[in-house]
Amino acid sequence: MKLMCLLTVLLGLFALQVSAAEKPDVLFIAVDDLNDWVTYLGGHPQTKTPNIDRLVARGMAFSNSHCAAPACNPSRAALMSGLRPWQTGIYTNGDPAQGVMKDTLTINRHFLAQGYNTRGGGKIYHNFNAEGREDGWTEWAGLFPSISDHEENLNGLKSGHFDWGAVEAKPQEMGDYKLTDWAVNHLKTAPLDQPLFLGVGYVKPHLPWYVPREYYDRFPLEGIQLPVTKEDDLADIPAAGVQMAKPQGDHAAVLKGDQWKKAVQAYLATISFLDDQVGRLLDGLDASPRKDKTMIVWWTDHGWALGEKQHWRKFALWEETTRTSCAIVAPGITQPNLVCKAPVDYMNIYPTLCELTGLPLPAHVKGASLMPLLKDPTVAWDQVAICTHGRGNHGVRDARWRYIRYADGSEELYDHTQDPNEWTNLAQDKGLAEVKAKLAAALPAADEEVPSTSGRQSNGSSKGKGKKKAKGKAQEE
């Protein structure tokens, strides 16, 4: 009898091991501060991203994908936890995430608990586990140092890490290059009898835009094209939106310092450096024994403005700051070279990963899986994308409209079929009241939004004005 019981236990353990070994590997790639300036999204006519394009062409790219919050900390916390900012109180970079996240079954913790070998490096979360091992990883490598980590004031604006310029360094001396080496090594050497969840968090193109000169040389300054803008674009924007834009801050400093073209050149150069690392990572995957069973999840944490609406950085609810680059490659499920135009946001990632890998869905995760779209990008989809910046400030995006409602009740509404640049605010058009009401119905009631974890009134705007604020790192990091 005892022998039978022992055999039963051993067979059960063997079955679990076989089941785990049959699960797909996951290459989970997060990118910091990359907007839609990738070739396949057409965000800028001069961008060069052949390797990112090569990655997304392997599966399905989402052309109407948006972050849950336009800042590193809340965006990453939301995606990794499956909880929206108004559920956690993590609204901005200044709202501590440690307390909430340590008690939440995040994606990497869930995969670890379900038998995955979870290895991570670079920037997956924001700050709280950037150094040292976080308990959801089998191995956590943290951030890799760059030779150019210190601030140089190369652009003359004296605005801390709001800086850019070519540095005399080799690509091999950059942190993201080292991260790629680390990731490729794990793809080659991680045990094959256990499924691998490999988190690779690229830091660039986060500020400062310091990359080797060869990348700047790819984009001669004299030929740089500025973003298409409208001089009086803020004229029909409510005060809450103008406060987020801060036209007298970064934008005024950039104009005064004659840095606009140089900034665009720098951003393009830094994206090009990132793209080279993505190419090296893909080559490493293809040369590894895991190439045929690895699904890829590619996501950027939010958008980035470079002068549109006289705004710079993220921290706003317009298209430039919420639109992201997102793609999923799932062997046997996705077909190559497909683009899905349906509106999606990062609350969809956690449930999709669970369904793709056959893991149980945690009870707290309420987002919709993207599986129907992965099988057929034209299938009916009734979801909208929601982005939150500060308590009470929300943007809603569907296939046609962007609706913004600020905490003070003021609104913006844009018709993307007629106005892709969001230059004409239609919120006061009485004939569109029904459109606004339908989009607003997706938003939480005021009493559903929990206070910020910092205990401060988190309205999404930064204290201080202009250049003085740009020197501080609390909001930008």
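The values are calculated or read from the model by the stated rules, or taken from the named source; none is laboratory data. Note that this is a predicted model, so its numbers are computed, not measured. Glycine gets a Cβ as well: all are built from the backbone with ideal geometry, and neighbour counts include every protein chain shown.
Give the residues of the stretch 361-383 that are within 28 Å of VAL100 (Cα to Cα), touching a helix residue (DSSP H, G or I) at 6+ places or on another chain (Cβ under 7 Å) and not polar (S, T, N, Q), sorted by residue number.
The answer is LEU361, PRO362, VAL365, GLY367, ALA368, LEU370.
Are any residues in the stretch 309-356 farther than 22 Å from ASP53 by Cα and either surrounded by fewer than 19 Cβ atoms within 10 Å (Cβ to Cβ) or among the small types (Gly, Ala, Ser) (or both), and if so, which ones?
ALA316, GLU355
Could you tell me whether THR453 is surrounded by 14 or more Cβ atoms within 10 Å (Cβ to Cβ) and either over 26 Å from ASP233 (Cα atoms) or among the β-branched types (Val, Ile, Thr) (or both)?
Yes: the conditions hold for THR453.
Name the single residue, out of those in the stretch 139-150 being surrounded by 15 or more Cβ atoms within 10 Å (Cβ to Cβ) and in a loop (DSSP other than H, G, I, E, B), that is modelled with the lowest pLDDT.
SER148
Answer yes or no as to whether ALA433 is surrounded by 14 or more Cβ atoms within 10 Å (Cβ to Cβ), modelled with pLDDT of 95 or more, small (Gly, Ala, Ser) and farther than 26 Å from LEU27 by Cβ.
Taking the combined requirement at face value, the residue does not satisfy it.
Would you check which residues across the stretch 74-116 are aromatic (Phe, Trp, Tyr) and not in a helix (DSSP H, G or I) and list them?
Passing the criteria: TYR91, TYR116.
If you scan the stretch 192-219, which residues turn out to be closer than 16 Å to ILE147 by Cβ and in a strand (DSSP E or B)?
Across the stretch 192-219, the qualifying residues are TRP209, TYR210, VAL211, PRO212.
Kindly indicate whether TYR125 is assigned to a loop (DSSP other than H, G, I, E, B), without any contact (Cβ under 8 Å) to a residue 60 or more places away in the chain and surrounded by 21 or more Cβ atoms within 10 Å (Cβ to Cβ).
yes
Any idea which of (1) part of a loop (DSSP other than H, G, I, E, B); (2) within 28 Å of ILE237 (Cβ to Cβ); (3) not hydroxyl-bearing (Ser, Thr, Tyr) is the one MET347 doesn't satisfy?
All conditions pass for MET347, except number (1).
So the check is Cβ under 8 Å with 6+ separation or different chains; which pairs have a first residue in the stretch 206-227 that's on the phi < 0 side of the Ramachandran plot and a second one that's in a loop (DSSP other than H, G, I, E, B) and exposed (fewer than 13 other Cβ atoms within 10 Å of the Cβ)?
PRO212/GLU168; PRO212/LYS170; ARG213/GLU168; GLN225/PRO45
Would you check if LEU439 is of a type in the set (A, V, I, L, M), closer than 26 Å to GLY89 by Cα and in a helix (DSSP H, G or I)?
Against the criterion (of a type in the set (A, V, I, L, M), closer than 26 Å to GLY89 by Cα and in a helix (DSSP H, G or I)), LEU439 qualifies.
Quick check on the stretch 175-189: of everything there that is of a type outside the set (A, V, I, L, M, F, W, C) and crowded, with 23+ Cβ neighbours inside 10 Å, which residue is farthest from LYS123 (Cα to Cα)?
Among them, the one singled out is THR180.
For the stretch 362-398, what are the residues that are among the hydrophobic types (A, V, I, L, M, F, W, C) and within 20 Å of PRO74 (Cα to Cα)?
VAL365, ALA368, VAL384, ALA385, ILE386, CYS387, VAL396, listed by residue number.
Restricting to the stretch 26-51, what's the tally of residues that are among the small types (Gly, Ala, Ser) and either in a helix (DSSP H, G or I) or more than 30 Å from GLY358 (Cβ to Cβ) (or both)?
Counting residues in the stretch 26-51 that are among the small types (Gly, Ala, Ser) and either in a helix (DSSP H, G or I) or more than 30 Å from GLY358 (Cβ to Cβ) (or both) gives 2.
So which residues in the stretch 384-411 are without any contact (Cβ under 8 Å) to a residue 60 or more places away in the chain and under 26 Å from MET101 (Cα atoms), if there are any at all?
VAL384, VAL396
Which one is nearest to TRP304 (Cα to Cα) among residues in the stretch 159-191 that are assigned to a loop (DSSP other than H, G, I, E, B) and in contact (Cβ under 8 Å) with a residue 60 or more places away in the chain?
By that ranking, first place goes to PHE162.
Of all residues in the stretch 66-116, which are charged (D, E, K, R), crowded, with 24+ Cβ neighbours inside 10 Å and more than 14 Å from VAL450 (Cα to Cα)?
ARG76
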